[in-house]
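*Asks:* After the structure tokens below, expect a handful of questions from me.
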Amino acid sequence: MQTQIDEILAAINSYEAQNKEQLEGFKTAYTGKKGVLTELFDQMKTLPADQRKDFGQRVNQLKEAAQLKLKTLTEQIENAQLANVSKPHDLTLPTIPATYGAIHPLTHTRERIVQIFERMGFNLSDGPEVEDDWHNFTALNFPPNHPARDMQDTFFITKGTANDIALRTHTSSVQVRVMESQRPPMRTISIGRVYRNEAISARAHCIFHQVEGFYIDKNVGFKDLKDTLYHFAKEMFGKETKIRLRPSYFPFTEPSAELDISCFICGGKGCNVCKYSGWVEIGGCGMIDPNVMKSSNIDPDQYTGFAFGMGIERITMLRYQIKDLRLFTENDVRFLKQFDGTL
Ligand code: DAH
């Protein structure tokens, strides 16, 4: 009997537990309901009365030893777990790279354009993208059968009514809206989306953006137009930039011109961006036609003005040498994330 208890004591004392499972194993073997101790206490009941006391003392000593051991093992395992949790992070590991959003290149260009014209005293105007015939065409002196009204170019929403509704084909419509609601002097730009029924390719899209600007006051002349555009071109494309105005036709301006800038990529020597001409076209401009003034009740004998319109995509493609217009709308992050710099 004594040797049996001594053996159990030795086993308890030498028990080692590295984890919770092994700790549970100890409980099952010794201190648990079906453990050795319960068995020994049961055994005690069967002993003759004179042996019981002595045996009971020993089993109690064994029980104390087992409980002490259980406490020690439990503490050991808890401490080991704590040590694992509070282990410092491996500071030599590389960091997880933070990914930032980037400003869309068209937004960059738009903000730069606003900045340049605001410094010249232009404010910002806005108008609807769903526009009526009056603001998109008629008030801008488009003759009734002008080809630009044709289904080929314009996305009509209602057609055949006295005042057709369409997606605006240019931001010149905002010019009319401002002229109707304000009185000269007026100096404003408007930037926004325009729509044309064109097949999508690297050079054309059915949705694109324009900036429209105009200035109406007493004695505004062609020289003011040229000065304004020249200053804009230098600010936008660099100090060395030159401009060229080629005679052209628009219903809403007379005289009208096409606006070219000297190719800032080759410095005018000729390259594939300017198709070896040294010049690239960025928009149209001219002196506001007296008929346009009249349709908004502005007296053309008292006031004169200039207007211009430029393509935001065109300017952006030149600025960043982007070869395909479709990149602007495809949302490819490999393209977009390149534009996180300043304006
Ligand atoms: N609205 C013209 C277009 O979409 C651009 C334009 C040309 C605007 C001459 C003007 C202008 O204000 O004077 O092609």
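*Asks:* Can you run down the residue pairs with Cβ atoms below 7 Å, 6 or more apart or on separate chains, where the first is in the range 308-334 and assigned by TED's automatic domain parsing to the domain that holds THR171 and the partner is polar (S, T, N, Q) and within 16 Å of the ligand (Cβ to nearest atom)?
*Replies:* That search, which allows pairs on different chains as well, returns GLY309/THR171; GLY309/SER172; GLY309/GLN210; MET310/GLN210; GLY311/GLN210; ILE312/GLN210.
*Asks:* Looking only at the range 123-148, count how many residues are out of contact with any Ser or Thr (no Cβ under 6 Å at 6 or more places or on another chain) and either closer than 23 Å to GLU254 by Cβ or not assigned by TED's automatic domain parsing to the domain that holds SER190 (or both).
*Replies:* 12
*Asks:* Applying the selection to the range 126-138, what residues are under 30 Å from the mean Cα position of the chain (by Cα) and closer than 29 Å to ASP217 by Cβ?
*Replies:* Selection gives ASP126, GLY127, PRO128, GLU129, GLU131.
*Asks:* Taking the range 274-295 as the search range and keeping residues that are within 39 Å of the chain's Cα centre (by Cα), more than 10 Å from the ligand (Cβ to nearest atom) and under 20 Å from GLU212 (Cα atoms), which one is surrounded by the fewest Cβ atoms within 10 Å (Cβ to Cβ)?
*Replies:* Here the answer is GLU281.
*Asks:* Are any of the residues in the range 334-341 crowded, with 17+ Cβ neighbours inside 10 Å, aliphatic (A, V, I, L, M) and within 12 Å of the ligand (Cβ to nearest atom)?
*Replies:* No, because not a single residue in the range 334-341 is crowded, with 17+ Cβ neighbours inside 10 Å, aliphatic (A, V, I, L, M) and within 12 Å of the ligand (Cβ to nearest atom).
*Asks:* Could you tell me how many of the residues in the range 302-324 are within 17 Å of HIS205 (Cβ to Cβ) and within 16 Å of the ligand (Cβ to nearest atom)?
*Replies:* Start the filter on the range 302-324 by keeping residues that are within 17 Å of HIS205 (Cβ to Cβ), which leaves 309-318, 320, 322-324.
Filter again for within 16 Å of the ligand (Cβ to nearest atom), leaving 309-315.
Final tally of qualifying residues: 7.
*Asks:* When you go through (1) assigned to a helix (DSSP H, G or I); (2) closer than 25 Å to THR316 by Cβ; (3) at pLDDT 85 or above one by one for ALA148, which number turns out not to apply?
*Replies:* (3)
*Asks:* Has the range 164-177 got any residue that is away from the ligand (no atom under 11 Å from the Cβ), in a loop (DSSP other than H, G, I, E, B), touching a helix residue (DSSP H, G or I) at 6+ places or on another chain (Cβ under 6 Å) and in the same structural domain as ASP224 (by TED's automatic domain parsing)?
*Replies:* Within the range 164-177, one or more residues are away from the ligand (no atom under 11 Å from the Cβ), in a loop (DSSP other than H, G, I, E, B), touching a helix residue (DSSP H, G or I) at 6+ places or on another chain (Cβ under 6 Å) and in the same structural domain as ASP224 (by TED's automatic domain parsing).
*Asks:* Would you point out which residue out of ASN141, ASN123, ASN145 is within 13 Å of ILE191 (Cα to Cα) and over 24 Å from the mean Cα position of the chain (by Cα)?
*Replies:* From the options ASN141, ASN123, ASN145, the qualifying one is ASN123.
*Asks:* Out of all the residues in the range 96-118, is one or more without any contact (Cβ under 8 Å) to a residue 40 or more places away in the chain, open to solvent by 90 Å² or more (accessible area, probe 1.4 Å), part of a helix (DSSP H, G or I) and out of contact with any Cys (no Cβ under 7 Å at 6 or more places or on another chain)?
*Replies:* Checked against the condition, which is being without any contact (Cβ under 8 Å) to a residue 40 or more places away in the chain, open to solvent by 90 Å² or more (accessible area, probe 1.4 Å), part of a helix (DSSP H, G or I) and out of contact with any Cys (no Cβ under 7 Å at 6 or more places or on another chain), the range 96-118 yields at least one hit.
*Asks:* When the residues of the range 257-273 are filtered to those that are surrounded by 20 or more Cβ atoms within 10 Å (Cβ to Cβ) and within 16 Å of the ligand (Cβ to nearest atom), which remaining residue is nearest to PHE137 (Cα to Cα)?
*Replies:* ALA257
*Asks:* Which one of these is outside any loop (DSSP other than H, G, I, E, B) and surrounded by 15 or more Cβ atoms within 10 Å (Cβ to Cβ): LEU82, LEU70, LEU124? Show your work before the answer.
*Replies:* On the way: LEU82 fails: surrounded by 15 or more Cβ atoms within 10 Å (Cβ to Cβ); LEU124 fails: surrounded by 15 or more Cβ atoms within 10 Å (Cβ to Cβ).
Exactly one residue qualifies, and that residue is LEU70.
The values are calculated or read from the model by the stated rules, or taken from the named source; none is laboratory data. Treat the numbers as computed from the prediction; the structure is a model and nothing was measured. No Cβ is skipped: glycine too gets one built from the backbone with ideal geometry, and neighbour counts run over all protein chains shown. Heads up: the accessible areas ignore ligands, DNA and RNA and are worked out on the full protein's heavy atoms, side chains in. Shrake-Rupley method; radii C 1.70, N 1.55, O 1.52, S 1.80 Å.
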